[in-house]
């Protein structure tokens, strides 16, 4: 099935899981491909793309057949197109939804790609992370050779946070093959396999209850009654909370280390084992402010040509940021 959405774009990188992005071009985890081997070199490079072999667009390829990334003028109107690998349609036995998200690097203020955290990288290799040490403070995300979406801090929080035990996990408990307790382990990812610095629990469940670096662009649904639910739960206009040690700062920029509990009562009843510091149930502001305030300031967007399709307004050159869309 080919699906479409319309929005204004200044995106420079694209990612998609279990589907082919056609416009704008989707990477399918590609960075560069050898001329004599068209298949994806590393389907764990940035995110869980489900591989799809020959799908996706390279950032660059061999010297004799260089491919250059598409670029768009600020304010360009793009029609987004993709092919879904799984069923989606009007049949009553099919339930589906598409979540369109994007991420911008707020620290990216120059044309120097090395100044930006969100980046394509120059290698097909997956970024480094010490999967065996959740207490690590070794942030290797500044190595620009590796492509990067989520921050090191985000993945370390996933590593340190308890998985949500209220989720459906089918026969994983019965067969004793959900192999861990933190948020890297899900029914779909029972061995905590790592793809880039993507948090498996956040990837597999939406809307996510812990803070996320991804911003929602649109949720396409086959049941319009779900719209109010997503509107009332999106982190775009609703804050998130997580458990932190307020005096134990890690990462760049420094932020408080995330702790195990995922509920406020469990968080505030626990203390650091070293010196007895009490943990804090910390608020992370909504991405775009309070929902009621935004509604009061809103003006109708100029979308009369595409009244039923989502859009995104591009920024200007002075507020340039590197962005990726999922």
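Report yes if some residue within the range 258-273 is under 26 Å from the mean Cα position of the chain (by Cα), over 28 Å from residue 117 (Cβ atoms), modelled with pLDDT of 90 or more and surrounded by fewer than 17 Cβ atoms within 10 Å (Cβ to Cβ); otherwise report no. The answer is yes; a qualifying residue exists.
Take the conditions at pLDDT 80 or above, within 14 Å of residue 147 (Cβ to Cβ) and either surrounded by 16 or more Cβ atoms within 10 Å (Cβ to Cβ) or over 19 Å from the mean Cα position of the chain (by Cα) (or both) and apply them to residue 25. Does it pass? Criteria not met by residue 25. Hey, can you tell me all the residues within the range 212-235 that are assigned to a loop (DSSP other than H, G, I, E, B) and surrounded by fewer than 19 Cβ atoms within 10 Å (Cβ to Cβ)? If the condition is that a residue be assigned to a loop (DSSP other than H, G, I, E, B) and surrounded by fewer than 19 Cβ atoms within 10 Å (Cβ to Cβ), then 222, 223 are the ones that fit.
Conditions tested, residue by residue: (1) exposed (fewer than 11 other Cβ atoms within 10 Å of the Cβ); (2) in a loop (DSSP other than H, G, I, E, B); (3) modelled with pLDDT under 90.
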| site | (1), (2), (3) |
| --- | --- |
| 132 | yes, yes, yes |
| 139 | no, yes, yes |
| 146 | no, yes, no |
| 154 | no, no, no |
| 159 | no, no, no |
| 166 | yes, yes, no |
| 169 | no, yes, yes |
| 178 | no, yes, yes |
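Exactly one residue out of 285, 248 is more than 29 Å from residue 102 (Cβ to Cβ) and either modelled with pLDDT of 90 or more or more than 19 Å from the chain's Cα centre (by Cα) (or both), and it is 248.
The values are calculated or read from the model by the stated rules, or taken from the named source; none is laboratory data. Treat the numbers as computed from the prediction; the structure is a model and nothing was measured. Here the Cβ is made from the backbone with ideal geometry for all residues, glycine too, and neighbour counts use every protein chain on show.
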